[in-house]
Amino acid sequence: MILINLCRDPSIEHVAREQQDMLAMLAAFGLPLSLVFSGAAIPQLNKVEGDEDLLDMLPSFGVSDIYVDTTSLNGANLDMTNTRIPCRAISDHALKALSKLAKHAVNI
């Protein structure tokens with residue numbers, strides 16, 4: 001499994017494209033991908049209508065699990081029952097344990 005921490009705001013120029021390119025490259029390894037949304041990346045999980053973006057592409061990348069970092073979640077104004085994609089909250093302790101299980105970990 002490859003653990004990917006998305007922590008940058010995708011509305012900033014080039015960040016969304018970098019995230020998409022990195023996920024496509026990592027998907028080529030054929031390993032399951034798990035995503036953790038943290039920090040400035042969390043607001044993109046809010047349900048809004050818009051153009052195709054990273055979230056719409058996740059199934060084609062082979063993403064198996066999607067998490068939201070609870071430490072970042074407190075100030076993010078995200079309703080976990082109304083997200084654009086199904087995701088689960090993950091604590092720092094559980095995230096560290098998941099990181100140890102991962103073959104690779106990447107921050108983008």
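Please treat every number below as a calculation from the coordinates, not as lab data. This structure is a prediction, so every number in the text was calculated from the model and none was measured. Every residue, glycine among them, receives a Cβ derived from its backbone with ideal geometry; neighbour counts consider all protein chains shown.
Of the numbered criteria (1) charged (D, E, K, R); (2) within 16 Å of residue 107 (Cα to Cα); (3) surrounded by fewer than 16 Cβ atoms within 10 Å (Cβ to Cβ), the one residue 8 fails is (3).
Considering region 34-47, the residues that are of a type in the set (A, V, I, L, M) and under 10 Å from the mean Cα position of the chain (by Cα) include one that is nearest to residue 92 (Cα to Cα), namely 36.
Within region 75-86, not a single residue is surrounded by fewer than 11 Cβ atoms within 10 Å (Cβ to Cβ) and among the basic types (Lys, Arg).
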